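Student: Right, I'll just put the structure down here and ask away after.
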Amino acid sequence: MTMKTLITLISGLLLSVVVTAMELDDAKNMGLVGEAPNGYLGLVSTDSPEAAALIVEINAKRKVRYQEIANKQNTQLVNIERIAGEKLIEKAQGNGEFYMDDQGQWQR
């Protein structure tokens, strides 16, 4: 499959998170969660058990979707996670949201 198809699949994944978008958007806007290079959410502020629970829920859904894409692409899960992480961090940077840099530090 081509890179364009892969990017389209990843974009579909990003849209599939809309089910919990309001809660996620709120958590991102409050600076509680951010995007990590591995394609999953991370906890920026440990003061919110609600944000921690949201991360667990969304990351579980992301992992299922990433695995589906990896299976279709006949590639390893880690490859899809990395590509998704790059795209999600790009989006977070454009939106002024938290993301984890290459040194493992949260940036906004």
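Student: Right, Val17: modelled with pLDDT under 85, aliphatic (A, V, I, L, M) and either closer than 13 Å to Phe98 by Cα or surrounded by 12 or more Cβ atoms within 10 Å (Cβ to Cβ) (or both) or not?
Tutor: yes
Quick grid of which residues meet (1) in contact with a Leu (Cβ under 9 Å, 6 or more places away or on another chain); (2) assigned to a helix (DSSP H, G or I); (3) closer than 29 Å to Thr2 by Cβ:
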position: Gly31; (1), (2), (3): no, no, no
position: Gly39; (1), (2), (3): yes, no, yes
position: Ile55; (1), (2), (3): yes, yes, no
position: Ile83; (1), (2), (3): yes, yes, yes
position: Glu86; (1), (2), (3): no, yes, yes
position: Glu90; (1), (2), (3): no, yes, yes
position: Gln103; (1), (2), (3): no, no, no
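Student: Sticking with this one: Is it fair to say Asp25 is among the acidic types (Asp, Glu), within 14 Å of the chain's Cα centre (by Cα) and either at pLDDT below 95 or assigned to a loop (DSSP other than H, G, I, E, B) (or both)?
Tutor: Answer is yes for this residue.
Student: Something else: Kindly indicate whether any position in the range 42-51 is out of contact with any Leu (no Cβ under 8 Å at 6 or more places or on another chain), surrounded by 15 or more Cβ atoms within 10 Å (Cβ to Cβ) and outside any helix (DSSP H, G or I).
Tutor: The answer is yes, given that some residue of the range 42-51 is out of contact with any Leu (no Cβ under 8 Å at 6 or more places or on another chain), surrounded by 15 or more Cβ atoms within 10 Å (Cβ to Cβ) and outside any helix (DSSP H, G or I).
The values are calculated or read from the model by the stated rules, or taken from the named source; none is laboratory data. These numbers were taken from a predicted model, which means no experiment stands behind them. Counting neighbours? That spans all protein chains shown, and the Cβs are built from the backbone with ideal geometry, glycine included.
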